[in-house]
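The values are calculated or read from the model by the stated rules, or taken from the named source; none is laboratory data. Keep in mind that what you see is a predicted model, and the values were worked out from it rather than measured. Because the Cβ atoms are built from the backbone with ideal geometry, glycine has one as well, and the counts that use them run over all protein chains shown. For the accessible areas, the whole protein counts, side chains as well, though only heavy atoms, and no ligand, DNA or RNA atoms are used. Shrake-Rupley method; radii C 1.70, N 1.55, O 1.52, S 1.80 Å.
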Amino acid sequence: MASTQLPGLSVAVVENGEYVWASGFGQADVENNSPATEHTLFRLASISKPLTATAAMQLWERGQLDLDAPVQKYCPAFPQKQAPITTRQVMGHLAGIRHYKTGPDDLEIGNTKHFDSPIQAGLDFFKNDPLVSDPGKQFHYSTQGYTLVGCVMEGASGAKYVDFMRQNVFMPAGMEHTQVDNRFAIIPYRTRFYQKTESGTVQNADFLDSSYKIPGGGWLSSAEDMAKFEVAILNDKLIKRATRDLMWAPLKPADGSKDGYGLGWGNGEDNGVAFVAHTGGQQGTSTAFLIAPAQRDGVVVLTNLEGADPDKLAREILEVLLAAGTAQKK
């Protein structure tokens, strides 16, 4: 933390499918000298996507969502494109939907307007834009696409996206404090958000209202709550094992390129250990969490600094966990 000028972070560890430890380090609010703890709420940024994907797979498991039907079956507000787009493709970033539109003002990345109808408003950012590739052909990471997943979920479930997440993911997993990053709400334990200048000085982050991209990057959570999510996934409390395996399996783009992404989850291998994971980054936050399914271990690292590298720390902690597990077995 000293070498990176990181104001605050929280870490949690899951071992053998159980939540065993979490703690905070540094400051959640530098100006007011408020310490970070395991309860501190950070912007999840893109690790919102695995949460959304898990809920979508619940709908698939219940027979309410056909992953291979055109998205318009559930989200008629999304226009027809040059070829049908499926929810499976959108969840795996193979639908050809663009990521953020960048420009001199970065009005999407740095959106400042608040939306009370987040799914509809979020769709309006990109729904009429051309696809960047034919559906199924190439991997194009898209946070915007997850707003479409949220719309599909609403159509399939008959419930508002946020309400469905609360009832079907957060409550069953015991994630009592996970909630939308609403800038108007008074939210206890929410961290302040920071960035670094080119000279390395820590300052308050640029303003962001993420209400237009909740499914792909608009949730707040704590290390403790995200560890509980890992526990719920590892112990099949949210979806069945076969559903989980389907969600984690990498997809195959039609152009033949290698794909290390499943349905809302990245996957890979480190020193012979297979893992599933996701990282996130936006104004005032950098996040990472990963799970080694065979070993039933997991790590969560959440920080309140934009542009940090929590993934490196998370992998180092996982190595310690795996080494300890190996030593215990001997």
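Just a few scattered comments:
- Taken as a whole, the condition of being within 30 Å of L123 (Cβ to Cβ) and modelled with pLDDT of 95 or more does not apply to G8.
- If you go through region 207-248 and pick out every residue that is more than 17 Å from the chain's Cα centre (by Cα) and without any contact (Cβ under 8 Å) to a residue 60 or more places away in the chain, you end up with 4.
- Residue that is open to solvent by 50 Å² or more (accessible area, probe 1.4 Å), within 23 Å of the chain's Cα centre (by Cα) and aliphatic (A, V, I, L, M), where the choices are L107, L41: L107
- Residues that are surrounded by fewer than 19 Cβ atoms within 10 Å (Cβ to Cβ) and closer than 24 Å to S221 by Cα within region 113-153 comprise K113, H114, F115, D116, S117, Q120, A121, Y141, listed in sequence order.
- Qualifying residue in region 96-106 (condition: farther than 20 Å from S221 by Cα and in contact with a Pro (Cβ under 8 Å, 6 or more places away or on another chain)): yes
- Within region 46-58, residues that are open to solvent by less than 10 Å² (accessible area, probe 1.4 Å) reach partners that are not in a helix (DSSP H, G or I) and not hydrophobic (A, V, I, L, M, F, W, C) with beta carbons closer than 6 Å, at six or more positions or on different chains, in the pairs I47/H278; I47/G280; I47/T287; K49/G264; P50/G264; P50/H278; A53/G264.
- A159 vs. criteria over 28 Å from S222 (Cα atoms) and either free of Cβ contacts under 8 Å to residues at least 60 places away in the same chain or open to solvent by less than 40 Å² (accessible area, probe 1.4 Å) (or both): no
- Cβ pairs under 9 Å, 6+ apart, first in region 78-100 and modelled with pLDDT of 95 or more, second open to solvent by 40 Å² or more (accessible area, probe 1.4 Å) and among the small types (G, A, S): L94/A254
- Qualifying residues in region 167-187 (those that are open to solvent by 80 Å² or more (accessible area, probe 1.4 Å) and in contact (Cβ under 8 Å) with a residue 12 or more places away in the chain) - the one nearest to the chain's Cα centre (by Cα): E176
Yes/no matrix, rows are residues, columns are (1) among the acidic types (D, E); (2) under 23 Å from I85 (Cα atoms):
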residue: G110; (1), (2): no, no
residue: F115; (1), (2): no, no
residue: F126; (1), (2): no, yes
residue: D129; (1), (2): yes, yes
residue: V132; (1), (2): no, yes
residue: T143; (1), (2): no, yes
residue: L148; (1), (2): no, yes
residue: M153; (1), (2): no, yes
residue: S157; (1), (2): no, yes
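- Matching strands (runs of 3 or more DSSP E) fully within region 267-330 where at least 1 residues are touching a His at 6+ places or on another chain (Cβ under 7 Å) and either of a type in the set (S, T, N, Q) or buried (at least 19 other Cβ atoms within 10 Å of the Cβ) (or both): 285-292
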